[in-house]
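The values are calculated or read from the model by the stated rules, or taken from the named source; none is laboratory data. All figures in this text were calculated on a predicted structure; none of them were measured in a lab. Don't worry about glycine lacking a Cβ; one is built from the backbone with ideal geometry, like all the others, and counts go over all protein chains shown.
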Amino acid sequence: MPADSPDFTVAPDLVLDVTGLNCPMPLLKTRQQLRGLESGTLLLVRASDPGARRDIPAWLRQTQHSLVQSEDHDGVLYFLIRAGEAG
């Protein structure tokens, strides 16, 4: 991870970088990456689209996946997501 990344309490298993992509692509790529992941897998999503700040957490609330932590660091949004049973 880049040096300017936030320090999360746990390390992700996978990193998905969707910086530079505009709505709805960050959410769609996140959904695609989570599909098929084993339950408990930690995915770190990096996004730059401001819409992801609301879209990703709102979508996660409707799924078996959970938002572990999120941060905004120098205009980059970081979402640490734990894959749920529906993976």
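If you go through the range 21-51 and keep only what is of a type outside the set (D, E, K, R), part of a helix (DSSP H, G or I) and either surrounded by 13 or more Cβ atoms within 10 Å (Cβ to Cβ) or modelled with pLDDT under 95 (or both), you end up with Met25, Pro26, Leu27, Leu28, Thr30, Gln33, Leu34. Tell me which residues, restricted to the range 52-77, are free of Cβ contacts under 8 Å to residues at least 40 places away in the same chain, of a type in the set (A, V, I, L, M) and either in contact with a strand residue (DSSP E or B) (Cβ under 9 Å, 6 or more places away or on another chain) or not in a helix (DSSP H, G or I) (or both). Those that are free of Cβ contacts under 8 Å to residues at least 40 places away in the same chain, of a type in the set (A, V, I, L, M) and either in contact with a strand residue (DSSP E or B) (Cβ under 9 Å, 6 or more places away or on another chain) or not in a helix (DSSP H, G or I) (or both): Ala52, Ile56, Leu60, Leu67, Leu77.
Remark: pairs (first residue in the range 14-25, more than 18 Å from Leu80 (Cα to Cα); second residue of a type in the set (S, T, N, Q) and surrounded by 15 or more Cβ atoms within 10 Å (Cβ to Cβ); Cβ separation under 7 Å; 6+ apart in sequence or on different chains) = Gly20/Ser48.
Scanning the range 17-26 for residues that are farther than 9 Å from Ala47 by Cβ and in contact with a helix residue (DSSP H, G or I) (Cβ under 8 Å, 6 or more places away or on another chain) yields Cys23, Pro24.
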